[in-house]
Structure formats: structure tokens, C-alpha cells
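To start, the structure under review is shown below, and the notes come after it.
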Number of protein chains: 2
Amino acid sequence: MQPVFIFDSPQLGENIGAAARAMRNFGLDRMRLVSPRDGWPNPKAFSAASGAGIVLSNAGVYSDLESALGDFQRVYATTARKRELTKKVMSPRSAMMEIRELAAGGVSVGVLFGSERAGLENKAISYASAVISVPAVAEFSSLNLAQCALLIGYEWRLSEQVADPVTSLELTAANVIEKVILADKYTEELSKSGFFDAAQNEEAKKINLRNLFLRHDFTMSEVKTLHGIRQFLTRRRMH
Amino acid sequence: MQPVFIFDSPQLGENIGAAARAMRNFGLDRMRLVSPRDGWPNPKAFSAASGAGIVLSNAGVYSDLESALGDFQRVYATTARKRELTKKVMSPRSAMMEIRELAAGGVSVGVLFGSERAGLENKAISYASAVISVPAVAEFSSLNLAQCALLIGYEWRLSEQVADPVTSLELTAANVIEKVILADKYTEELSKSGFFDAAQNEEAKKINLRNLFLRHDFTMSEVKTLHGIRQFLTRRRMH
């Protein structure tokens, strides 16, 4: 079960298409359109969807909001503007976490988006049990329709994610001893080449060198490369 | 301090404008453009920005990526595709929390976005210390450029509560151009010493070398030491 995105009186086909693409980016494909201004199907929408045309082909088209919302058990209305409403105002994050739980429990959920020009009227918002407000800056809070759909879809996607993707780095990081060996090899070569001769404080300079190799999270292959660098830069001297 | 968004070879003015609007929605206004395909200024960008034209008017325009990135102490590269890179892969959320802390400490940070068609090439990514990967679904992971900028801006906005100022160590981090010079010097010396002779893929080996020097936050004194190491290890060859 996933939430259905309902677009009330959308104006530009480009925005409807971009919204479809954004939905697909995050695994959502159930869209409903309420009296799209420029009619339906809209070629501009399909070209803007670039690959997400399937979402548009399957979109339900309705002449009035009530029939488009009628079958949902829960409706959430998106709005950028703060309103005087006797409704819970939620962040996209908390709303999608709540919807994730509801949907998992088999509750049918719709998320309602207003038109580019006017957003949602209070009448439309009255169908919703809660309002989702995107935390844009007060002085520039109007989001593009597709951008708003993207944020909601993104939070839907994150609501199922347990953690950040594991970085390949953590798996291949060199351990301390490998970096100590590296530092010692360089120190040895640099002693031969007089690197420490001029230093008033040779010990401090050697500590700095160790820090240089030890404090960074070099991978094992980088350690290998650093050994190779040393060998190649010094090879002529050995002959 | 806020991160600067750098767009590498953007194609459509509409996307640049929509990205500017998305940035302003979340309080970001520092944009840089690297050789925009359709020239600059681009009227389509200004009309798409609807109210965020100021971001475009103040945008810096550069002919090459290196000059656009040169003065940052930290660069993050955005990509949808998972890659085989020895770089930390971060979610937008964790990346922006990290950037928030760095910026609060006075570290100059750039976030790099690739072109609509090709995204970022490995060469471009080599400037970054970490990769930001948007958790889109695997089978439809390509985000619209402005949509990607919006998500990053949104997470920047949400990261506001983060505090912890950075360590002085990070404040003395070398910038990209200083690390590029370092990588080039080593590459030059290593070519002379036959480091790349055996390699089936010399280019890939050079990219790896660049990554080795560019992805770590070496301090300026460490960069100095690394120059010294190169000079001392090769000095005998010069006589």
C-alpha cells in the first residue's frame, strides 16, 4: 500500500509530468488529477515525465475533488502557507512516517496538492485530517508544484529507510598498523635523503609525519599506492 | 556561511531557474555556473526562477570547473548513480548536517551538480571529498537537476538545528586548487619515474592518484609537507 497523490486543478502539463517523474523517483505511481486546466491527456505532461509516462497513463482523472477523495480513509493536504486551521500541521517527515504506518496497516491514504496559482482553498483542505507544511523560508515559501510532490515522495522513501547507505569506504579503510608501517617507511627514506637534517627539532618533525599518515582515513588501496609512490620516487637512487 | 551550489555544464535555462527558486525556498542564494550550454544570462532561466532572479543575477559564471571550485576547502559531489569510488557516500541528510557544522566553523563548502545529460564525470567527482547520493529507487534513479538541488536545499534547511562548531584543524584545510597542484606535481614526478608505464589504463591510474590527494582534508601544512616529501625523495635524481 502506498499513498495516492491527488492534484487539484493543476495548470501546467509540465508540472504534472515533472511531478510524475518525481513520484517514480521514489517508488510512487498512483496519481489522480482533478479537472486539469489544459485537459487530459496532455502531451506536455508526457514529455516532461521523461520515462515516468506510465504514472500519467494510469492516472485517474476526476471532474470534482470530492469524487477524487471519496474513497480514502485519510487525506493529508499540502500547503506552504501557515493557516488558521483547527488541524494538525505536520512536517513532510513526520507526516510520511505516520502515513507509512497507516498504509502498512491497510489504511488508504491520499495526499492532496493544490494548483500552481492558488494552492488549496480552505474548502479543499477541509477534506484533510492534517496539513503538511514544507519548511520553506517565510519570505519565499511558494514551492513549485512538482518540487512539492518531490519532497513528499522523498520523505515517503526515507520513511522506509532504516539508515544511510553503508559507505564502501568503511569497508576498505586501512587499519592503524598498516598506516604506521607506511609512515615508518617514508620516515626511513626521508632520513636517507636528508629530510630531517635541517630541522631544529627532528622528533617533532617525525611526529608530524606520522600524524600526516595516521589521521586520514586512507583506504588499503590508497596505502598501497602511497607505498608505490615512495618506491618509484626513490628507485633511481637505489641503482 | 552557507554552501555554494555549483552547476557543471547545465543545459536547460529552465532547470537553472528552477534550481535558483528551489535554493531560495530554503534560504540559499550562492550559485555558480560552469559553462552553461546555452550561454549566460539566459532569459529562460530568469522566467523559470519566478522571484528568485536575484540568485541568478549574483551567480558566478566560470569557463572551467577547476576555477569554479578552486577556492573551496570542501567539495561534495551529487550523484544518483552508485559508483566504485574510494569516497564516502552520504545521504543528503547526513551530508547537509556535516556541511552545516563545517560552515558554522567557517569552512568554505561547495556542492557540485552535474549536467542533465551526463551527470558528473569521474574527473569532476575527483575534486570532492565525499559523494551525496539521493536515495531514489534503483530502477528510476535519475533526478531532474532542479529537483536534486531542491532536495539538497531542503536538507540544508532542516539541518539548521545542528550546532557543534568544527575543529581548528578543519579551518586550516587546504583548498581544492592547492591539492590539485600537489596531485599534478606528484603525477609529473611519477611519470618521469615510470610509475604509469606498466598500467593498462594510465588515465584511470591518474584519476586514482588525483582522488588520493583531493578527497582527504589535508591541512595547508600537510600539503607543504607532502611537497617536501616529493622534493626530498627525488632530489638525488636531479643531481
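The values are calculated or read from the model by the stated rules, or taken from the named source; none is laboratory data. Model, not experiment: these values are computed from the prediction. All Cβ positions, even for glycine, are placed from backbone atoms using ideal geometry, and neighbour counts span all protein chains on display. Quick note on the areas: whole protein, heavy atoms, side chains included, nothing else; ligands and nucleic acids left out. Shrake-Rupley method; radii C 1.70, N 1.55, O 1.52, S 1.80 Å.
Overview of results
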item	result
Calculated over the protein assembly as shown: convex hull of Cα atoms, volume per residue (Å³)	156 Å³
Other copies of A:A118: label-to-label distances in nm, shortest first, labels 7 Å along the beta-carbon direction	4.7
Most positive-pole-ward Cα, B:F213, A:I99, A:L143, against dipole of the protein assembly as shown from beta carbon charges	B:F213
Difference of contour (0.36 nm per residue) and Cα-Cα distance, B:A104 to B:K224	40.6 nm
Point-charge dipole on Cβ atoms (K/R +1, D/E -1) for chain A, about Cα centre, debye to 20	540 debye
Interface B:A - total buried accessible surface [probe 1.4 Å, Å², rounded to 100]	5500 Å²
Averaged over B:214-221, number of beta-carbon atoms from partner chains that fall within 10 Å	3
Members of A:K206/B:K192; A:K123/B:K44; A:K224/B:K88; A:K205/B:K123; B:K88/B:K205; B:K87/B:K205 lying beyond 26 Å, as alpha-carbon distances in this model show	A:K206/B:K192; A:K123/B:K44; A:K205/B:K123
Kyte-Doolittle mean at least 0.5, axial Cα span of 15 Å or more - DSSP H helices of chain A	A:145-158
Per-pair calculated FRET efficiency, R0 = 56 Å: B:M1 and A:T172 via Cβ, rounded to 0.05	0.95
Only Lys, Arg (+1) and Asp, Glu (-1) charged, at Cβ; region B:179-234 dipole about Cα centre in debye	120 debye
Label spacing, shortest first and in nm, from B:G27 to its equivalents in the remaining copies (7 angstrom along Cα→Cβ)	3.1
Extension gain from B:D197 to B:W40, taking 0.36 nm per residue of separation minus the Cα-Cα distance	52.2 nm
Segment A:D184-A:N211, extension gain: residue separation times 0.36 nm, minus the distance between their alpha carbons	8.6 nm
Mean Cβ count within 10 Å, highest first, over the residues of peptides B:63-71, B:209-217	B:209-217, B:63-71
Shielding of A:146-152 by partner chains, average beta-carbon count, 10 Å	5
Protein-only accessible surface order, largest first, of A:M1, B:M220, B:M23 at 1.4 Å	A:M1, B:M220, B:M23
Shortest-first distances to equivalent copies, position B:G60, nm, label 7 Å out along Cβ	5.2
Accessible area per residue, Å², region B:1-137 with all protein chains present, probe 1.4 Å	35 Å²
Chain B, relative contact order [Cα under 8 Å, separation at least 6], %	23 percent
Long-range HN-HN contacts of B:S193 with modeled amide H, under 5 Å	none
Inter-chain shielding of A:184-193 (mean C-beta neighbours from other protein chains, 10 Å cut-off)	2
Test item: Cα-centred dipole of the protein assembly as shown, Lys/Arg +1 and Asp/Glu -1 on Cβ, debye	860 debye
Cα gyration tensor shape for region A:53-132, rounded if a/c is under 1.5, else prolate or oblate	oblate
